[in-house]
Amino acid sequence: MAEIKKITISVPDDLPAQYVNMSYITHTPQEFILDFASILPGIKQPKINTRLVFSPLGAKLLVQALNENLRRYESTFGEIKIPRGHSLADQLFRAADPKDPPEEG
């Protein structure tokens with residue numbers, strides 16, 4: 001069996017982080033395309049800020065890695081609850097209800 005070599009990866013100090021809360025996922029027979037954008041209040045037409053292209057195998061391996069990391073996260077910090085009854089956009093962008101207490105900040 002071939003020896004598995006450890007790959008050292010470096011992250012540039014000036015690599016910008018992109019906040020994303022919306023994604024579009026499409027595929028062709030040869031690749032999966034993941035487009036990411038940020039929807040924020042007041043932005044009427046969000047623009048894609050990041051595009052990732054994976055082979056089908058790479059996409060499946062990404063899903064496995066995400067699932068493993070979600071299991072680890074939840075075992076440390078507790079279950080991540082998905083809002084029910086309303087869309088995530090409703091939760092993020094609903095009009096303020098006068099009955100809601102003001103947020104502490």
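What follows is calculated from the coordinates using simple rules that are stated; it is not laboratory data. Just so you know, these numbers come straight off a predicted model, no measurement behind them. Virtual Cβ from ideal backbone geometry, glycine too; neighbours counted across all protein chains shown.
What the table below lists for this structure:
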read-out: Neighbourhood net charge (10 Å Cβ-Cβ; Lys/Arg +1, Asp/Glu -1) for Tyr24; value: 0
read-out: Asn67-Asp13 pseudo-label distance in nm [points 7 Å out on the Cα-to-Cβ vector]; value: 4.0 nm
read-out: Label-point separation, Ile39 to Arg84 (7 Å along Cα→Cβ), nm; value: 2.1 nm
read-out: Listed pairs Lys6/Lys60; Lys5/Lys47; Lys6/Lys81; Lys5/Lys60 exceeding 32 Å between Cα atoms; value: Lys5/Lys47; Lys6/Lys81
read-out: Sorted peptide list for 72-81, 50-59, criterion being average Cβ within 10 angstrom, highest first; value: 50-59, 72-81
